[in-house]
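Here the structure is laid out as structure tokens; the discussion comes afterwards.
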Amino acid sequence: MTSGNNRWVASVPVSSGTSFAGRLALLGGTLALTDEEVTFTPVAGLGRVRRIALVDIEAVAAHADTPPRLRITTRTGGRVVFMVLSSRTTMVWSSDPSARDEAVARINARLAAD
């Protein structure tokens, strides 16, 4: 689900660390970049939509590789971690970082443009 539409398959890990719990998905959904925010929308409405305004984002970076995760750090010091995979059928232990790297690059490019 990577493409020019700025949407990626994502999930929220059980833990934001790099331990075993950080490799388990708590909730799957879609990470999306809009003109004003980054959103995480759970699959089938099973959780709440998370919204992070671009003006509130301090940094976006790759966080770990198995599975590929990105970390968004807000200007207030808060951190949010998402697993980002290339498709809904990709196993969470995948080490293919292409979708994560694309998301990091596109979000950072949007931040730099503002």
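Every number here is computed from the coordinates shown, using simple stated rules; none is lab data. In this text, all values refer to a predicted model and were calculated from it rather than measured experimentally. Cβ placement follows ideal geometry from the backbone for every residue including glycine, while neighbour counts extend to all protein chains displayed.
Peptide packing: for 42-49, 57-64, the average count of neighbouring Cβ atoms within 10 Å per residue gives the ranking 57-64, 42-49, highest mean first.
Oblate is the label for segment 27-103. Its Cα gyration tensor axes, ordered a ≥ b ≥ c, give a/c of at least 1.5 and b/c at or above a/b.
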